[in-house]
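The structure under discussion appears below in the form of structure tokens.
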Amino acid sequence: MAEALRWSVESLEIPEGCNLVLGQSHFIKTVEDLYEALVTSSPSLEFGIAFCEASGDCLIRRDGNAPDLVKAAVENARRVNAGHVFVVLLRNGYPINVLDRIKRVQEVCRVFAATANPLQVLVAQTEQGRGVAGVVDGFPTLGVETEEDAAGRRHLLREIIGYKR
């Protein structure tokens with residue numbers, strides 16, 4: 001007999017001025033290892049972490065150095081409520097600054113999104129539980145960049161953000 005499959009779309013809340021990293025891991029020590037990876041990345045980085053445990057107590061494990069971001073990460077994890085999914089919220093830093101560190105955490109299996117855009121998570125649910133099938137990050141494209149747009153991009157990267165020389 002075929003098992004029932006239900007789909008849902010869960011919209012995540014990203015606090016003003018923050019970025020979100022959504023990923024999947026496989027072990028209870030994920031929260032502590034993500035904490036160590038983030039806290040050593042920058043003295044000004046503020047963050048909250050939540051991790052949906054998929055066996056044993058099946059709790060949302062949490063940590064961070066900013067209580068408001070920990071609370072928001074937990075609320076987002078509750079929305080997704082899928083096995084071994086983690087949510088990291090960042091303030092005073094960007095995913096580009098920490099994404100490599102997050103990916104190098106031994107138990108991290110994948111990163112679904114790293115964004116400040118509106119984010120929707122496509123969740124599949126079976127009798128066993130819930131899993132993330134993918135994400136909708138931001139909005140559809142509206143065209144192809146012009147030379148003026150390209151000049152604006154280069155200006156942003158070099159003069160505003162300082163990521164290019």
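The values are calculated or read from the model by the stated rules, or taken from the named source; none is laboratory data. The structure displayed is predicted, hence computed values, not measured ones. Every residue, glycine among them, receives a Cβ derived from its backbone with ideal geometry; neighbour counts consider all protein chains shown. To get the accessible areas, we keep the full protein, side chains included, count just its heavy atoms, and leave off ligands, DNA and RNA. Shrake-Rupley method; radii C 1.70, N 1.55, O 1.52, S 1.80 Å.
Some values worked out for this structure:
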item	result
Accessible area per residue in Å² at 1.4 Å probe, computed on the chain	61 Å²
Three-way shape label, the chain, alpha-carbon gyration tensor, a/c 1.5	oblate
Rounded percent of accessible protein surface that carbon and sulfur make up, the chain, 1.4 Å probe	50 percent
Alpha-carbon centroid distance for the pair the range 113-165 / the range 1-40, whole angstrom	17 Å
Partner lysines for Lys29 [C-alpha distance under 20 Å; skip if fewer than 8 residues away on the same chain]	Lys71, Lys103
Size of charge dipole - the range 82-132 - debye, nearest 20, with Cβ of Lys, Arg +1 and Asp, Glu -1, no other charges	180 debye
Cβ-based charge dipole, the chain, positive-most Cα from Tyr35, Cys18, Val136	Tyr35
Around Ile60: net Lys/Arg minus Asp/Glu count, Cβ-Cβ under 12 Å	+1
For peptides 95-108, 136-149, sequence by mean Cβ density within 10 Å, most packed first	95-108, 136-149
Kirkwood hydrodynamic radius (C-alpha pairs) into Stokes-Einstein, the range 1-97, 20 °C and 1.002 mPa s, D in µm²/s	156 µm²/s
Efficiency of FRET from Cβ geometry, Ala4 and Glu107, R₀ 30 Å, rounded to 0.05	0.50
Cα-based shape type of the range 91-131, given that a ≥ b ≥ c are square roots of the gyration tensor eigenvalues and the cut on a/c is 1.5	oblate
